[in-house]
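The values are calculated or read from the model by the stated rules, or taken from the named source; none is laboratory data. Just so it is clear, the model here is predicted, and its values are computed rather than measured. Positions of Cβ are backbone-derived with ideal geometry, glycine not excepted, and every protein chain shown enters the neighbour counts. Ligands, DNA and RNA are excluded from the accessible area calculation, which covers all protein heavy atoms including side chains. Shrake-Rupley method; radii C 1.70, N 1.55, O 1.52, S 1.80 Å.
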Amino acid sequence: MSSRNWAGIVLIAAGVLAYLGGRVLLDQGRQKERAPAYALPEFELTAVTAASEGPLSKASLLGKPWIADFIFTSCAGPCPALSLCMAALQRELPASVGLVSFTVDPDYDNPERLKAYAARFGAKPGRWFFATGPKARLYSLLTNGFKLPVAENPGAPAGQRVIHSTKFTLVDSRGFVVGYYDSDDVGDLRRLKRDALSL
């Protein structure tokens, strides 16, 4: 065999190896994204729907996957867009996937305001819950449980008072966080729906 043929075979082999290596890394990356990162701690809050309110705990959410986001009703920033996305997820995903929006301004977001907000976005009772409770408990759950940032600036206008994550978080049926998804990334939202359906 000529040296030219050997060179061609080597180049082809190198290309195949590079392709396979890339696929392995891609698959490992996907596995890493989906691998349970950590279990949420136990928590006890209040769940508000457009029709009612009642207790909400980690234990009450076990048994099916659910998607969390973080909003406040007076938000002048991204919260309405987040809630529109959640409304779309409610339409596009089966009822076996739960939805929970945690308020980051519980001092203002009393149950009556959350009920009105839930009705505004068409949240179905029993499917999409709005969680509230003592601020210290909520903020501890966000920062230590979901490992997402939240900060309050009491001197800011009401609609800009709280800075918080705009990521969606996917939690599996055992209460493990299994992924974060950028709310303004169409590809991430597609991946969120795909991942939620696969749990």
Review point. Tell me, what % of the accessible area of region 67-158 is carbon and sulfur with a 1.4 angstrom probe?
Key: 59 percent
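Kindly report the accessible area of region 37-187 per residue (heavy atoms of protein chains, probe 1.4 Å, no ligands, DNA or RNA), in Å².
Values: 6390 Å² over 151 residues.
Spelled out: the 1.4 Å probe surface of region 37-187, per residue, equals 42 Å².
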Check your understanding: For the residue pair ASN153 and VAL186, what label-to-label distance in nm results when each label sits 7 Å from Cα along the Cα-to-beta-carbon direction?
Key -> 3.2 nm
Exercise for review: List the residues of region 73-97 whose backbone N lies under 14 Å from a point placed 7 Å from the Cα of SER173 along the Cα-to-Cβ direction.
Suggested key: 95-97
Check your understanding: Could you give the length gained on full extension between LYS135 and SER96, defined as 0.36 nm per residue of separation minus the Cα-Cα distance, in nm?
Key -> 11.1 nm
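Please identify every one of the GluC sites (Glu not before Pro) in region 34-69 that sits in a loop by DSSP and has no more than 12 other beta carbons within 10 Å of its own beta carbon. Walk me through the intermediate numbers first.
Working: sites: GLU42, GLU44, GLU53; in loops: GLU42.
Those satisfying the criteria are GLU42.
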Point to revise | Other-chain or far-sequence residues with amide H under 5 Å of LEU99's (modelled H) | key: ILE67, PHE129
Check your understanding: In terms of the Cα gyration tensor, with a ≥ b ≥ c the square roots of its eigenvalues, is region 71-111 rounded because a/c is under 1.5, prolate because a/b exceeds b/c, or oblate?
Key -> oblate
